[in-house]
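Some notes on the structure that comes next.
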Amino acid sequence: RQMCIRDRDVVALKRRNGKELWRFHTGGPVLGTPVIEGSVVIVASADSCVYGIHLRKGKELWKVKGDMPFVSSAAVRDGNAYIGGSDGKIRCISISDGTVNWIYDGVKQYIEATPAVTREHVIVGAWDRYLYALDRFTGKLDWKWAGPMAGVLYSPAVCQPVVSNGVVFIVAPDRVMTALDEKTGEVIWRTAEHMVRESIGISEDKTRVYARTMQDSVACMDATAKEPVTLWKTFGGFGYDIGMAPPVEKDGVLFYPTQRGEIHAMDPLTGKILWKHRLSTALVNPVFPRSDDDLVVTTMDGKVARVIVK
């Protein structure tokens, strides 16, 4: 199955042929991405609710009501869903029955990004300048960090952080990539070399961090180094691009979408472009690869497509 969004609905499509399997109606626009854990689809809506939906039947299993609309997506780990809301609260919700295990309410602005969830922490940025690291089990604040630029428009609020061996990597509208110590929130390094913005991903083995830059290129950084080390940088010819969809590596191929309707595939070790495919004239949303030659994508003009590489 593949989940997609249309208006206020969550729609399940058969992966093989795109046939609609079921449709679930919410009370507001769905701006985030559904996530599946076991037999439950977790999705948030601008009707201020997070829903648990039965994967096969498309029926509501539970609903959690927030105080303001949700524009974000959940992250899941060990039977729990973690999600931030426009009400400035971060919630941990039991996927089995919708019980809210804890709520952190110390955020001063709305949350748009999907959290990164590690063994110890839930890490997410908000539009109040700060990146927050919460204890995953209690919701207690361990640390928060803000960059040196004072304006809230420089907040690390859109990218989903990536984490490797105790280091948190983020990019933000200040055009700087930052590496932080997961335990303390202290800066390990920062670099403005590549004019990054809000698109960041990590390799399957957690040794490389990828960032799509604002102008025509993708940069690969060493995730194991104690200082900023660029492994490669490739010109992609996709023009000015401030989309937030991350580069995603799957089975030895790096995929990333562009603002002008393309999907690019690269060798993650060398940066060599393997192929490009244009789906639309509109922005392509995050790519979901099943393997190195089979992926599902959606576009901002309403298309859902399965792409098979031959």
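Give the carbon-plus-sulfur fraction of the accessible surface of the range 95-157 in %, rounded to a whole number; probe 1.4 Å, heavy atoms of protein chains only. Display every interim value, and only then the final one.
On the way: 1540 of 2950 Å².
Accessible surface attributable to carbon and sulfur in the range 95-157 totals 52 percent.
With all protein chains present, calculate the accessible area of residue 140 using a 1.4 Å probe and round the result to the nearest 10 Å².
120 Å²
Which shape class applies to the range 144-210: rounded if a/c is under 1.5, otherwise prolate when a/b exceeds b/c and oblate if not, where a ≥ b ≥ c are the square roots of the Cα gyration tensor eigenvalues? Kindly include the intermediate steps, with their values, before the conclusion.
Working: a/c = 1.85, a/b = 1.32, b/c = 1.41.
Here the range 144-210 falls in the oblate category.
Any idea of residue 300's accessible area? Nearest 10 Å², probe 1.4 Å.
130 Å²
Taking the chain as a Gaussian network, where each spring joins two C-alpha atoms under 10 Å apart, which residue of 43, 35, 196 fluctuates the most?
With Cα springs under 10 Å in the chain, the top fluctuation among 43, 35, 196 is at 35.
Can you work out the base-10 log of I(q)/I(0) for the range 53-94 at q = 0.16, 0.20, 0.23, 0.34 1/Å, using the Debye formula on its C-alpha atoms alone?
Computed log10 I(q)/I(0) values: -0.47, -0.70, -0.88, -1.17.
Just add up the charged neighbours of residue 189: K/R +1, D/E -1, any other residue whose Cβ is under 10 Å from the Cβ of residue 189.
So the environment of residue 189 carries a net charge of +1.
How much accessible surface area, in Å² rounded to 10, belongs to the heavy atoms of residue 235 with a 1.4 Å probe?
Ignoring ligands and nucleic acids, residue 235 comes out at about 140 Å².
Rg and Dmax of the range 81-130, Cα atoms, in Å?
10.7, 34
Going by a ≥ b ≥ c, the root eigenvalues of the Cα gyration tensor, does the range 101-173 fall in the rounded group (a/c under 1.5), the prolate group (a/b larger than b/c) or the oblate group? Can you show the working numbers first?
Details: a/c = 1.94, a/b = 1.30, b/c = 1.49.
It comes out oblate by the Cα gyration axes.
Given a 1.4 Å probe and heavy atoms of the protein chains only, how would you sort 281, 138, 258, largest accessible area at the top? Mind dumping the intermediate values first?
Numbers: 281 120, 138 85, 258 0 Å².
Sorted by accessible area, descending: 281, 138, 258.
Of the heavy-atom accessible surface of the range 164-310 (probe 1.4 angstrom), what whole percent is carbon and sulfur? It would help to have the intermediate numbers written out before the result.
Working: 3240 of 6340 Å².
Here it works out to 51 percent.
Using 0.36 nm per residue, how much length does the chain from residue 251 to residue 39 gain when fully extended, once their Cα-Cα distance is taken away?
Details: separation 212, 0.36 × 212 = 76.32 nm, distance 2.50 nm.
Full extension from residue 251 to residue 39 adds 73.8 nm.
I'd like to check one number: the per residue accessible area of the chain, probe 1.4 Å, reported in Å² as a whole number. Before the final figure, lay out each step's value.
On the way: 13510 Å² over 310 residues.
Solvent-accessible surface per residue comes out at 44 Å².
Average the reciprocal distances over every distinct pair of alpha-carbons in the chain, invert the result, and give the Kirkwood radius in Å.
By the Kirkwood definition, the hydrodynamic radius is 19.6 Å.
Expressed as a whole percent, how much of the Cα-Cα distance distribution for the range 265-310 exceeds 14 Å?
Working: 544 of 1035 pairs.
Cα-Cα pairs in the range 265-310 separated by more than 14 Å: 53 percent.
Let's test the formula: R0 of 22 Å, r as the Cβ-Cβ distance of residue 294 and residue 260. What FRET efficiency results, to the nearest 0.05? Intermediate values should be presented prior to the final figure.
Working: r = 23 Å, r/R0 = 1.06.
For R0 = 22 Å, the calculated efficiency reads 0.40.
Along the Cα→Cβ direction, 7 angstrom out, place labels at residue 270 and residue 14. What is the inter-label distance in nm?
It is 4.1 nm.
Which of the residue pairs 226/276; 63/140; 89/303; 183/226 have a Cα-Cα distance greater than 22 Å in the structure shown?
Details: 226/276 34 Å; 63/140 24 Å; 89/303 32 Å; 183/226 16 Å.
In this structure, 226/276; 63/140; 89/303 lie more than 22 Å apart at Cα.
The values are calculated or read from the model by the stated rules, or taken from the named source; none is laboratory data. None of the values given here were measured: they were computed from a predicted structure. Every residue, glycine as well, gets a Cβ built from its backbone with ideal geometry; the counts of neighbours run over all protein chains shown. Please note that ligands, DNA and RNA were not included when accessible areas were found on the heavy atoms of the full protein model with its side chains. Shrake-Rupley method; radii C 1.70, N 1.55, O 1.52, S 1.80 Å.
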